[in-house]
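Below is one structure; the comments refer to it alone.
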Amino acid sequence: DPQQDFALSIDHCSDIATHTFNIRAAMVLRHSIKELYVKLDMIINGKTVLTYSETLCGPGHSKLIFCGKKKGEHLYYEGPVTLGIKEIPQGDYTLSAKLTNQDHVTVACADFTVKNYLDY
């Protein structure tokens, strides 16, 4: 997205499903975060199978350390992530995430796609 300054790196991509892996993510905020909402969609083989939304930041409701950050500030996370998935069935999987703030402006959005097709 040309509107965002975002960087993400993942160590050991081939082991993501079953092991702990390290990620680094950084971004420059183009909009302040007084309130922050996330909407996630899981799409399997072209069909939306799960939609999830949650308030991450709000008055008296701050789940993340970057709640309250202002436009121009940097966000940075480095650490381990464990999915704990034993096996990913064959198919196309997309996780679509959209973060919006109190002004209904998109703060960040991303699509993560996994294609698993094994030839026997």
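The values are calculated or read from the model by the stated rules, or taken from the named source; none is laboratory data. Worth saying up front: this structure is predicted, and the values here are computed from it rather than measured. FYI the Cβ positions are ideal-geometry reconstructions off the backbone, even for glycines, and counts take in every protein chain you see. Only protein heavy atoms, including side chains, enter the accessible area calculation; ligands, DNA and RNA are left aside. Shrake-Rupley method; radii C 1.70, N 1.55, O 1.52, S 1.80 Å.
What do you get for trypsin sites (Lys or Arg not before Pro) in segment 41-115 restricted to DSSP loop and a cutoff of at most 14 other Cβ within 10 Å of the site's Cβ?
Working: sites: K47, K63, K69, K70, K71, K86, K98, K115; in loops: K63, K69, K70, K71, K86.
Passing sites in segment 41-115 are K63, K70, K71, K86.
In nm, to one decimal, how far is the D92 label point from the E78 one, both placed 7 Å along Cα→Cβ?
It is 3.6 nm.
Once you place label points 7 Å from the Cα toward the Cβ at Y52 and C109, how far apart are they in nm?
Those two pseudo-labels are separated by 2.0 nm.
Calculate the spin-label point distance for I23 paired with H61, positioning each point 7 Å from the Cα along the beta-carbon direction, and give it in nanometres.
Between H61 and I23, the label points sit 2.3 nm apart.
Go through P80, A26, P59 and say which Cα lies farthest out towards the positive end of the charge dipole of segment 7-115; charges sit on Cβ, +1 for Lys and Arg, -1 for Asp and Glu.
Highest projection toward the positive end goes to P59.
Could you give each residue of segment 67-73 its phi-based ³J(HN,Hα) in whole Hz, using Karplus coefficients 6.51, -1.76, 1.60 with θ = phi - 60°, and x for Gly or Pro?
4, x, 5, 10, 3, x, 6
Within the accessible area of segment 27-80, what % is carbon and sulfur when the probe is 1.4 Å and the other protein chains stay in place?
Values: 2200 of 3790 Å².
Roughly 58 percent, rounded to a whole number.
Take the alpha-carbon positions of segment 7-115, form their convex hull, and give its projected area averaged over all directions (one quarter of the hull surface) in nm². Provide the component values of the computation, followed by the final result.
Numbers: hull surface 29.8 nm².
Mean shadow area of the hull around the Cα atoms is 7.4 nm².
In whole percent, what relative contact order does segment 7-115 give with Cα contacts below 8 Å and a gap of six or more residues?
Numbers: 239 pairs, mean separation 36.1, N = 109.
In percent, rounded to a whole number, it is 33.
Return one whole number: the accessible area per residue of segment 7-115 in Å², for a 1.4 Å probe.
Details: 7370 Å² over 109 residues.
Value returned for segment 7-115: 68 Å² of accessible area per residue.
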